[in-house]
Amino acid sequence: MSGKPKLTYFNGRGRMESIRWLLAAAGVEFEEDFLETREQYLKLIQDGHLLFDQVPLVEIDGMKMVQTKAILSYIAGKHNLYGKGLKERAFIDTYVEGTTDLMQMILTLPFSPPEAKKKNLPLIIEKAKNRYFPAYEKALKQHGQGFLVGNQLSWADVHLLEAILMVEEKESTVLSEFPLLQGFKTRISNMATIKKFLQPGSQRKPQPDDKYVATVMKILKEG
Amino acid sequence: MESVRWLLAAAGVEFEEELLETREQYEKLLQDGALMFQQVPMVEIDGMKLVQTRAILNYIAATHNLCGRDLKERALIDMYVEGTTDLMQLILMFPFLSAEDKEKQHALIVQKATNRYFPAYEKVLRDHGQDYLVGNQFSWADIHLFEAILMVEEKKCDVLSEFPQLQMFKARISNMPRIKKFLEPGSQRKPIPDDKYVETVRRVLQMYYNVKASV
């Protein structure tokens with residue numbers, strides 16, 4: 001029992017990646033238990049560890065937490081990444097819901113059939129360029145500070161950086177019309193804890209490949 | 001928007017509604033920059049134009065003492081609400097499905113409610129033996145679960161038959177004065193979506209023409 005949070009998930013990004021990002025940004029060391037077989041997963045269910053039979057699972061401060069949003073909210077609240085006061089929190093929640101919607105589209109892409117992938121990728125890029133990035137560019141412009149909310153790093157900033165990097169992996173020039181987001185990306189990437197997480201050897205996971213998709217489908221036996 | 005109406009009603013907060021009926025109304029909202037991600041729901045509250053349902057619900061819960069006493073209670077509330085959100089999400093898209101997909105989705109809703117979600121909440125209530133899900137006081141988690149139960153019952157009226165704790169929970173919450181009032185005819189609670197509703201949404205947003213059943 002090390003006192004460090006323990007993350008149980010597949011050995012890949014999926015829904016756990018945002019949690020890895022946030023813990024890293026907060027400077028919190030964490031351990032990982034990787035799901036590799038269906039037996040491991042069924043045992044977790046049998047032992048009553050998964051409230052809704054789903055992962056991510058994060059064991060933290062004596063709780064077995066599930067549901068990505070709940071876990072992220074707890075970490076943000078605990079580590080001073082949730083703004084000061086209820087209105088700042090409302091803005092952070094709004095921004096995070098937007099980046100969640102955007103990242104959700106990319107998350108599910110590897111699990112869709114090839115024709116759907118071909119069709120959906122351009123739609124995702126279009127949404128990033130016409131809906132999401134303009135909203136965050138405008139937010140940075142109106143707020144006039146280095147961060148999305150208040151004048152310190154919050155969950156919203158970490159989540160937006162993660163989203164930007166994910167979209168850039170699909171189309172590297174996607175920020176070309178968004179000068180403030182370019183500056184934001186550079187600034188946040190250079191913060192000490194984030195810089196460390198971006199370096200090779202960190203617990204950041206690579207893009208999902210066929211092997212990852214096959215593992216997830218085998219373990220969950222869904223879809 | 002229905003979860004927002006429920007939560008405001010449970011908190012005893014009166015609210016006004018602007019109902020979207022035409023594409024022009026929606027386009028004006030877009031042009032005026034009122035919708036951060038070009039989407040509704042949008043709630044104007046305390047000088048903010050809030051979008052994203054979860055952000056709106058979180059704010060209302062926090063400002064009305066419905067999100068627990070500390071971080072750990074809030075964590076439990078958040079977990080429970082995410083579960084009921086996932087369950088209600090299956091029902092939310094239901095009206096937009098083809099007849100064939102509706103059959104599949106109906107089966108999925110009942111299966112997930114009976115095998116995944118209701119057992120989890122039944123166990124929580126049974127284990128601590130208290131009237132409410134978290135911290136022995138009424139919270140957002142309770143109202144959200146109550147709404148979810150009613151929505152699933154509209155699909156299968158005896159779905160709670162194996163869940164005695166949830167039956168008692170439902171009766172208790174129904175009898176709270178503000179909830180009772182919201183359940184009465186004439187309140188701002190909206191009816192089950194019909195074809196007219198589906199047609200209006202599709203026309204105003206120009207989307208949701210080709211929605212498929214969940215896997």
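The values are calculated or read from the model by the stated rules, or taken from the named source; none is laboratory data. Just so it is clear, the model here is predicted, and its values are computed rather than measured. All Cβ positions, glycine included, derive from the backbone under ideal geometry; neighbour counts span all protein chains shown. Only protein heavy atoms, including side chains, enter the accessible area calculation; ligands, DNA and RNA are left aside. Shrake-Rupley method; radii C 1.70, N 1.55, O 1.52, S 1.80 Å.
For the reader, a short list of remarks on this structure follows.
- Rounded D (µm²/s) - the stretch B:120-169, Kirkwood Rh over Cα pairs, Stokes-Einstein at 4 °C, 1.567 mPa s: 116 µm²/s
- Shielding of B:82-88 by partner chains, average beta-carbon count, 10 Å: 3
- Distance between modelled label sites at B:His128 and A:Val213, nm, 7 Å Cα→Cβ extension: 4.2 nm
- Across A:Lys119/A:Lys221; A:Lys4/A:Lys185; B:Lys28/B:Lys196; A:Lys127/A:Lys170; A:Lys64/A:Lys84, pairs whose alpha-carbon gap is larger than 19 Å: A:Lys119/A:Lys221; A:Lys4/A:Lys185; B:Lys28/B:Lys196; A:Lys64/A:Lys84
- Charge dipole (Cα centre; +1 on Lys/Arg Cβ, -1 on Asp/Glu Cβ; no other charges) of the stretch A:15-62 amounts to roughly 200 debye.
- Comparing A:Trp155, A:Val213, A:Pro200 along the charge dipole axis of chain A, the residue lying farthest to the positive side is A:Trp155, per the Cβ-charge model.
- Each other residue within a Cβ distance under 10 Å of B:Phe118 adds +1 if Lys or Arg and -1 if Asp or Glu, for a net charge of +1.
- Peptide A:81-91 shows a mean partner chain C-beta count of 3 within 10 Å per residue C-beta.
- Taking the centroid of alpha carbons for each part, the stretch A:199-217 and the stretch B:182-215 are 39 Å apart.
- From phi via Karplus (6.51, -1.76, 1.60), per-residue ³J(HN,Hα) for the stretch A:126-138 in Hz, x at Gly/Pro: 4, 5, 4, 6, 9, 10, 7, 4, x, 5, 6, 4, 5
- Ranked by the mean number of other Cβ atoms within 10 Å of their residues, highest first, the peptides B:135-143, B:58-66 come out as B:135-143, B:58-66.
- Binned Cα-Cα distances of the stretch B:118-215, short to long, each 10 Å bin given as a whole percent: 13, 37, 28, 19, 4
- Counting, for every residue in A:66-74, the Cβ atoms of other protein chains within 10 Å of its Cβ and taking the mean gives 6.
- Lys-Lys pairs in the stretch B:67-183 that are eight or more residues apart or on separate chains and whose Cα atoms lie under 13 Å of each other come to 6.
- Taking all pairs of distinct alpha-carbon atoms in chain B, Kirkwood radius in angstrom: 18.5 Å
- The Rg/Rh ratio of the stretch A:22-105, with both radii computed over alpha carbons and Rh defined as the Kirkwood radius, is 1.02.
- When +1 charges are put on Lys and Arg Cβ atoms and -1 charges on Asp and Glu Cβ atoms, the dipole computed for the stretch B:97-215 relative to its Cα centre reaches about 260 debye.
- Across the stretch B:67-183, counting alpha-carbon atoms alone, Rg and Dmax equal 14.5, 46 Å.
- Projected onto planes of every orientation and averaged, the convex hull of the alpha-carbon atoms in chain A covers 12.6 nm².
- Distance histogram in 10 Å bins (all Cα pairs of the stretch A:163-223, percent per bin): 17, 36, 28, 16, 2
- Across the stretch B:1-121, Cα-Cα distances exceeding 16 Å account for 70% of all pairs.
- Dividing the C-alpha radius of gyration of the stretch A:95-140 by 2.2 N^0.38 Å, with N its residue count, gives 1.24.
- Summarising the amide proton neighbourhood of A:Met65: residues at separation of 5 or more, or on other chains, whose placed amide H is nearer than 5 Å comprise A:Val58, A:Glu59, A:Ile60.
- According to the Kirkwood relation over distinct C-alpha pairs, the hydrodynamic radius of the protein assembly as shown is 23.0 Å.
- A protection proxy built from the mean count of other Cβ atoms within 10 Å ranks the segments B:145-153, A:153-161, B:203-211, B:176-184, most packed first, as A:153-161, B:145-153, B:176-184, B:203-211.
- The protein assembly as shown - share of DSSP beta bridges that are antiparallel (%, nearest 5): 70 percent
- Extension gain for A:Asp61-A:Arg187 works out to 42.2 nm (0.36 nm per residue, less the C-alpha to C-alpha distance).
- The peptide list A:179-188, A:110-119, put in order of mean Cβ contacts within 10 Å with the highest first, becomes A:179-188, A:110-119.
- Measuring r between the beta carbons of A:Lys117 and B:Asp158 and using R0 = 35 Å, the FRET efficiency lands at 0.25.
- Rolling a 1.4 Å probe over the protein heavy atoms leaves A:Val167 with an accessible area of roughly 0 Å².
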